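Enquirer: Input: one structure, supplied below.
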Amino acid sequence: MKLRLHGLDDRKRVRSITDALLQMDVGARINFDLDAKLVRIEGRLTVEDAKTALARSGVRVASVVDSTVVDAAFRHTRHEVLAF
């Protein structure tokens with residue numbers, strides 16, 4: 001998912017946002033575009049979960065750019081496991 005944020009203005013804020021999101025989904029992949037004030041989250045969080053975590057870090061969601069949930073755990077190509 002991609003979210004546009006209010007208050008995404010410095011690297012210190014990025015760390016608090018990352019910590020809040022990882023507390024809710026330890027396997028999430030989180031990327032920031034500070035110029036566009038966007039955060040991209042790949043993981044098992046819903047939009048509501050992400051909004052809750054972001055509110056805890058003192059940031060409001062301005063808009064939902066893309067609400068698609070991409071599970072980071074299954075993003076890679078699956079390899080077949082052969083039993084011997």
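Enquirer: Looking only at the range 42-52, count every residue that is of a type in the set (Val, Ile, Thr) and either surrounded by 18 or more Cβ atoms within 10 Å (Cβ to Cβ) or not in a helix (DSSP H, G or I) (or both) and tell me the total. Give the steps one after another, and end with the answer.
Expert: Taking the range 42-52 and keeping what is of a type in the set (Val, Ile, Thr), we get 46-47, 52.
The next check asks that each one be either surrounded by 18 or more Cβ atoms within 10 Å (Cβ to Cβ) or not in a helix (DSSP H, G or I) (or both); those that pass are 46.
Residues flagged as of a type in the set (Val, Ile, Thr) and either surrounded by 18 or more Cβ atoms within 10 Å (Cβ to Cβ) or not in a helix (DSSP H, G or I) (or both) within the range 42-52 amount to 1.
Enquirer: Run down Val14, Val39, Val61 and say which single residue is surrounded by 14 or more Cβ atoms within 10 Å (Cβ to Cβ), at pLDDT 90 or above, part of a helix (DSSP H, G or I) and among the β-branched types (Val, Ile, Thr).
Expert: Exactly one of Val14, Val39, Val61 is surrounded by 14 or more Cβ atoms within 10 Å (Cβ to Cβ), at pLDDT 90 or above, part of a helix (DSSP H, G or I) and among the β-branched types (Val, Ile, Thr), namely Val14.
Enquirer: Do you know which residues across the range 17-36 are surrounded by 14 or more Cβ atoms within 10 Å (Cβ to Cβ), in a helix (DSSP H, G or I) and touching a residue at least 24 places away in the same chain (Cβ under 8 Å)?
Expert: Matches in the range 17-36: Ile17, Ala20, Leu21, Met24.
Enquirer: Can you tell me which condition Arg4 does not meet? The list is (1) outside any strand (DSSP E or B); (2) surrounded by 14 or more Cβ atoms within 10 Å (Cβ to Cβ), and all the others hold.
Expert: Condition (1) is where Arg4 drops out.
The values are calculated or read from the model by the stated rules, or taken from the named source; none is laboratory data. Since the structure is predicted, the reported quantities are computational estimates derived from the model, not experimental observations. Neighbour counts run over all protein chains shown; Cβ positions are idealised from the backbone, glycine included.
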